[in-house]
């Protein structure tokens, strides 16, 4: 299990979207589960992973949203292809983890 992000509501404003690029490369990190752990100062977004550990995370603020692009990663979640939770912490209206493309 790898912790890839520690997020704070001050940075997020109202929403977080994590995009996992679906690579066709041989060395990919498979994201098998997503958890949100509330903390005293914000929220930990925890990815449980298998396989390679060469993913990079790029973030950009878009209005009230923080978008994180995770390279060389593929979503393999048990309940389908995405994860969404509404109102996970004060000041955060939604956290979504979705595939960037269908590759």
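Some points to look at:
- Residue list for the stretch 54-70, restricted to those being under 17 Å from residue 34 (Cβ atoms) and not in a strand (DSSP E or B): 55
- Residue satisfying all of: in the stretch 24-50; at pLDDT below 85 and surrounded by 17 or more Cβ atoms within 10 Å (Cβ to Cβ); farthest from residue 100 (Cα to Cα) among these: 42
- In the stretch 60-71, the residues that are in contact with a helix residue (DSSP H, G or I) (Cβ under 9 Å, 6 or more places away or on another chain) and surrounded by 15 or more Cβ atoms within 10 Å (Cβ to Cβ): 65, 66
- Residue selected from the stretch 72-102 under the condition exposed (fewer than 12 other Cβ atoms within 10 Å of the Cβ) and not in a strand (DSSP E or B), by the criterion modelled with the highest pLDDT: 78
The values are calculated or read from the model by the stated rules, or taken from the named source; none is laboratory data. Remember, it's a predicted structure, so these values are computed and weren't measured experimentally. All Cβ positions, even for glycine, are placed from backbone atoms using ideal geometry, and neighbour counts span all protein chains on display.
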